[in-house]
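S.K.: Mind having a look at this structure? Questions to follow.
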Amino acid sequence: MAPHTEQLTRPAVQLRGLTRSFEGRTVLDGIDLDLPAGQLTALLGHSGSGKSTLLRAIAGLDHGVTGSGQLSAPERVSVVFQDSRLLPWRRVLANVLLGLDGKDAERRGREALEEVGLKGRERAWPGELSGGEAQRAALARSLVREPELLLADEPFGALDALTRIRMHGLLRELWERHRPSVLLVTHDVDEAIVLADRVLVLDQGRIGLDLTIDRAHPRSYRDPLLGEYRERLLAALGVTEDHR
Amino acid sequence: MTTHTTTTTHTTAAAPLAPVEEARQVRRRRRLAPGRRLPTTRLIGPAVVLALWVVASAAGLLDPSAIPAPWTVLETGSRLWDAGTLPDDILTSLQRAATGFAIGLTGGILLALASGLTRTGEALIDGTVNLNRAIPTLGLIPLFILWLGIGETFKIAIIAIVVYIPIYLNTHAALSGIDSRFVELAEVQDLSKVQFIRQVVIPGALPGFFVGLRLGVTGSWLGLVVLEQINATSGLGYMMFQAQNYGQTDVILVGLVVYGVFGLLSDSAVRIIERRVLSWRRTLSS
Ligand SMILES: Nc1ncnc2c1ncn2[C@@H]1O[C@H](COP(=O)(O)OP(=O)(O)OP(=O)(O)O)[C@@H](O)[C@H]1O
Ligand SMILES: [Mg+2]
């Protein structure tokens, strides 16, 4: 989807002067940010730069953290964590349906599992799933609620490289079908470039770089034209030639 | 990351490159978990003890007045059974153990819920229970006899205390030790407080509760034995106490066997329930 068609709608997430600090140390230093509805945005940054802090603020999970600023986010927000966070005492389908009620909930849960390729595993215990399967179940759990905003904090961080690539395809496909706004936190520059329409770099508590990636999907990891984006992002992250 | 090789005929991937050792078998990791459990293994130990007893008695190695032969114990047991005194004593003892256990179980669970789920409850209850725990419960017997008389009430009260403490401690620890990642998940999934407690906190605390439950079951028998030995006016312990006065070791052994059988049965019952309720754990401990 071309970026220019998206600015018609009201932004899904709006941050104005968002500040967060821990014990006097400022982690987020007045962030202004709009995330348009239906856009897939990736957030990069060094370890400790505050990516998770930002994500948790948007998700409303930062109880007791000192900070100020304005924040507006949609009603239906889903979060995918780095670990699948399935409750080990509930079967896979019951995990997907956690917190969901209504009479067609079960049907929707089964559909969501089918979408992520876990049809037939509804009655498995989470302990019986592989890492990739567990993460797909977590994805199903967040999608079944039809979120307007999907927040994902390094959702593929614990997966092997091959499973990761497969999950990239799946995430992109699911996003195209359901069109939530997505904020994807990642360490992986290539992951950001291949998946996202827009890549943000968090640096010194602010958005240091805001890069729109205007290339058609599906993107290949080998596309030389993406190399230019990679250079800019790595430069913004302070990775120079002699670091490599 | 870890590959479990299940076949012994597997060769290393490096074998073609390093033909020094031909077709070397993959070294299997030492298995740290004990192997598959044999059915009825738990009965093997007691069976061996019983066999030794039979053999030693038959060979005349045991002084019959100190340790009577198993068949003597059986005979005495059936004689007492036919006379009607054994069933009466068993019933009395079972009633005490069951009543005390039921009260202790209920109390332990309710207190653990109140203190594990609410801050006020924790402030009021947790310290008090730990104070109670610091006092050896059997040391309370004289006081309880003065308060409640030497009848049934004080015995049941003591058993209930012996039972509620481990159930409370383990359940409370499990309830308040809930993984914060799951709390966060529940917040993200918009669970209500009631849903959170019912679907996340309580199922997560069940393994801890069962640890306490098994300690509580054992505790109820222990309390019973002690009470009936010291303050017996009826029941199995009374029977054994009387037998001691007349030097009837066979009757004492009948009493011990009955205690043992009930202890084993109740523990097995809890294990079976635990396996059913926590079937999801089998994926880890199989
Ligand atoms: N609850 C907390 N208490 C104190 N300091 C915190 C807390 N949470 C985060 N911080 C600090 O805030 C800074 C940003 O943390 P955050 O987790 O947002 O980083 P991140 O960008 O997500 O890092 P990573 O890529 O390693 O996950 C870190 O220096 C961290 O130590
Ligand atoms: Mg983080």
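The values are calculated or read from the model by the stated rules, or taken from the named source; none is laboratory data. What you see is a predicted model; the values in this text were computed from it and never measured. Ideal geometry is used to build each Cβ from the backbone, glycine not excepted, and the neighbour counts take in all protein chains shown. Each accessible area value is taken on the protein alone, full model and side chains, heavy atoms only, with ligands, DNA and RNA left out. Shrake-Rupley method; radii C 1.70, N 1.55, O 1.52, S 1.80 Å.
S.K.: Only residues in segment A:149-165 that are away from ligand 1 (no atom under 12 Å from the Cβ) count as the first member; pair them with residues that are open to solvent by 50 Å² or more (accessible area, probe 1.4 Å) and assigned to a loop (DSSP other than H, G, I, E, B), Cβ under 7 angstrom, at least 6 apart or cross-chain, and list the lot.
M.R.: Taking only residues 6 or more apart or on different chains, the pairs are A:P155/A:Q82; A:A158/A:Q82.
S.K.: Out of all the residues in segment B:224-242, which are farther than 14 Å from B:V254 by Cβ and among the hydroxyl-bearing types (S, T, Y)?
M.R.: B:T233, B:S234
S.K.: Give the residues of segment B:184-204 that are open to solvent by 40 Å² or more (accessible area, probe 1.4 Å) and either away from chain A (no Cβ under 11 Å) or among the aliphatic types (A, V, I, L, M) (or both), sorted by residue number.
M.R.: Answer for segment B:184-204, where residues must be open to solvent by 40 Å² or more (accessible area, probe 1.4 Å) and either away from chain A (no Cβ under 11 Å) or among the aliphatic types (A, V, I, L, M) (or both): B:K193, B:V194, B:R198, B:I202.
Conditions tested, residue by residue: (1) away from chain B (no Cβ under 13 Å); (2) open to solvent by 10 Å² or more (accessible area, probe 1.4 Å); (3) closer than 26 Å to A:S52 by Cα.
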position: A:V96; (1), (2), (3): no, no, yes
position: A:E106; (1), (2), (3): yes, yes, no
position: A:G120; (1), (2), (3): yes, yes, no
position: A:P126; (1), (2), (3): no, yes, yes
position: A:R136; (1), (2), (3): yes, yes, yes
position: A:L149; (1), (2), (3): no, no, yes
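S.K.: Condition first: within 16 Å of ligand 2 (Cβ to nearest atom), surrounded by 14 or more Cβ atoms within 10 Å (Cβ to Cβ) and assigned to a loop (DSSP other than H, G, I, E, B). Now tell me which residues in segment A:6-63 satisfy that.
M.R.: A:H46, A:S49, A:G50, A:L61, A:D62
S.K.: Under 7 Å between Cβ atoms, at least 6 apart or on separate chains: pull out the pairs that start in segment A:65-83 with a residue that is within 14 Å of another protein chain (Cβ to nearest Cβ) and within 27 Å of A:T26 (Cβ to Cβ) and end on any residue that is of a type in the set (A, V, I, L, M) and within 16 Å of ligand 2 (Cβ to nearest atom).
M.R.: A:A73/A:I58; A:V77/A:A59; A:V77/A:L151; A:V79/A:A59; A:V79/A:L151; A:V79/B:V188; A:Q82/A:A158
S.K.: Let me ask something additional. What strands (runs of 3 or more DSSP E), lying completely within segment A:166-244, carry at least 2 residues that are at pLDDT below 90 and open to solvent by 30 Å² or more (accessible area, probe 1.4 Å)?
M.R.: Answer list for segment A:166-244: none.
S.K.: Test B:A66 against the criterion of being at pLDDT 85 or above, open to solvent by less than 70 Å² (accessible area, probe 1.4 Å) and not assigned by TED's automatic domain parsing to the domain that holds B:G237, and give yes or no.
M.R.: Against the criterion (at pLDDT 85 or above, open to solvent by less than 70 Å² (accessible area, probe 1.4 Å) and not assigned by TED's automatic domain parsing to the domain that holds B:G237), B:A66 qualifies.
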